[in-house]
Every structure is written in C-alpha cells, then in structure tokens.
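Colleague: Can you read through this structure? Questions will come right after.
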Amino acid sequence: AKPALRDIEEVAPRRRLARPPATGRVAHPSFNCRYARTAVEQAICADPLLAAKDRRMALLYERAGGSRFRPVDPTQWGWLAARNGCARAPRGALDACVHRAYDSRIAELSSF
C-alpha cells in the first residue's frame with residue numbers, strides 16, 4: 001500500500017512554490033524540477049508522492065553518510081541507474097516502476 005503524502009512529508013518537508021497547484025498540497029523532490037530533462041525526472045516532478053519519496057530518500061541517503069556535495073557511492077549510482085531505467089517503461093508503467101525503485105531504496109536506507 002502506498003503511504004499517504006502527509007506521512008512522507010513528515011520526513012520530507014515542503015518548500016514554497018511561486019505558483020502552488022490547485023490542490024494546495026505540494027511536495028518537491030531533492031532536485032530542481034526546472035532542470036528535469038528525463039522522463040523519470042519529469043515523472044517525479046509531476047507526482048507529489050514521487051517527489052516526496054525522492055526527498056525522503058535523499059534525506060535518508062545523507063543520514064547514512066552520503067552527500068550531494070561529494071562523489072556518489074557505487075550503491076547509489078547503481079540505484080540511480082535502476083531508477084532511470086524505468087524510462088524504458090510505458091508511461092503508466094513508468095510511474096509504478098519509479099515508485100517501486102524509491103520504495104526499495106528507502107527501505108534499504110532505513111536500515112542504516
């Protein structure tokens with residue numbers, strides 16, 4: 001079962017948008033969506049739950065010793081390659097693939 005957006009936002013705080021969507025609920029990924037170029041990055045930016053999962057995964061990665069400012073460790077590179085491989089899936093399957101990738105990585109990082 002998918003966790004509710006509010007459950008993820010407890011770990012992944014929201015930032016303000018210049019123009020909030022009609023729902024009023026906004027979750028931003030750990031990266032700037034302005035530079036989202038791949039289908040996977042665009043899917044993350046378009047889905048508030050994926051965006052919240054991305055932010056949670058980034059926080060857990062940093063808590064486990066990873067850094068956005070140092071070289072990425074091989075485990076994270078492998079996970080990124082697998083997540084980005086979801087781009088080969090059709091659009092409906094792409095979102096489900098990315099959700100599974102984040103769920104798996106979050107579970108893995110939560111064990112640290």
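The values are calculated or read from the model by the stated rules, or taken from the named source; none is laboratory data. Note that the structure is a prediction, hence the values are computed from the model and not measured. Virtual Cβ from ideal backbone geometry, glycine too; neighbours counted across all protein chains shown. SASA here: full protein model, heavy atoms, side chains in, ligands and nucleic acids out. Shrake-Rupley method; radii C 1.70, N 1.55, O 1.52, S 1.80 Å.
Colleague: Within the set of pairs 6 or more residues apart or between chains, which connect a residue that is free of Cβ contacts under 8 Å to residues at least 24 places away in the same chain inside the stretch 80-99 to a residue that is surrounded by 17 or more Cβ atoms within 10 Å (Cβ to Cβ) with Cβ atoms less than 7 Å apart?
Modeller: Filtered contacts from the stretch 80-99: Ala82/Ala101; Ala89/Cys97; Cys97/Cys86.
Colleague: Being touching a helix residue (DSSP H, G or I) at 6+ places or on another chain (Cβ under 9 Å) and not in a helix (DSSP H, G or I) is the filter here; which residues of the stretch 74-112 pass it?
Modeller: If the condition is that a residue be touching a helix residue (DSSP H, G or I) at 6+ places or on another chain (Cβ under 9 Å) and not in a helix (DSSP H, G or I), then Ala89, Phe112 are the ones that fit.
Colleague: Does any residue in the stretch 51-76 that is of a type in the set (S, T, N, Q) come within less than 7 Å, Cβ to Cβ, of a residue that is assigned to a helix (DSSP H, G or I) and surrounded by 12 or more Cβ atoms within 10 Å (Cβ to Cβ) six or more places away or on a different chain, and which pairs are these?
Modeller: What qualifies is Gln76/Tyr61.
Colleague: Shifting gears a bit: Could you look through the stretch 67-80, keep only residues that are open to solvent by less than 70 Å² (accessible area, probe 1.4 Å) and over 14 Å from the mean Cα position of the chain (by Cα), and pick out the one that is farthest from Cys45 (Cα to Cα)?
Modeller: Selected residue: Asp73.
Colleague: Also, quick follow-up: Is it the case, given these coordinates, that Val11 is farther than 24 Å from Ser111 by Cβ, at pLDDT below 95 and of a type in the set (Val, Ile, Thr)?
Modeller: no
Colleague: To continue, here is another question. Would it be correct to say that Ala64 is touching a helix residue (DSSP H, G or I) at 6+ places or on another chain (Cβ under 8 Å), surrounded by 15 or more Cβ atoms within 10 Å (Cβ to Cβ) and at pLDDT below 95?
Modeller: Yes; evaluated as a whole, the condition is true for this residue.
Colleague: Report, by residue number, each residue of the stretch 30-67 that is closer than 21 Å to Pro90 by Cα, part of a helix (DSSP H, G or I) and small (Gly, Ala, Ser).
Modeller: Residues satisfying the conditions are Ala39, Ala43, Ala46, Ala51.
Colleague: On to the next question. Under the condition of being under 12 Å from the mean Cα position of the chain (by Cα) and more than 15 Å from Gln42 (Cα to Cα), which residue from the stretch 81-101 is least open to solvent (accessible area, probe 1.4 Å)?
Modeller: Among residues in the stretch 81-101 that are under 12 Å from the mean Cα position of the chain (by Cα) and more than 15 Å from Gln42 (Cα to Cα), the one least open to solvent (accessible area, probe 1.4 Å) is Ala101.
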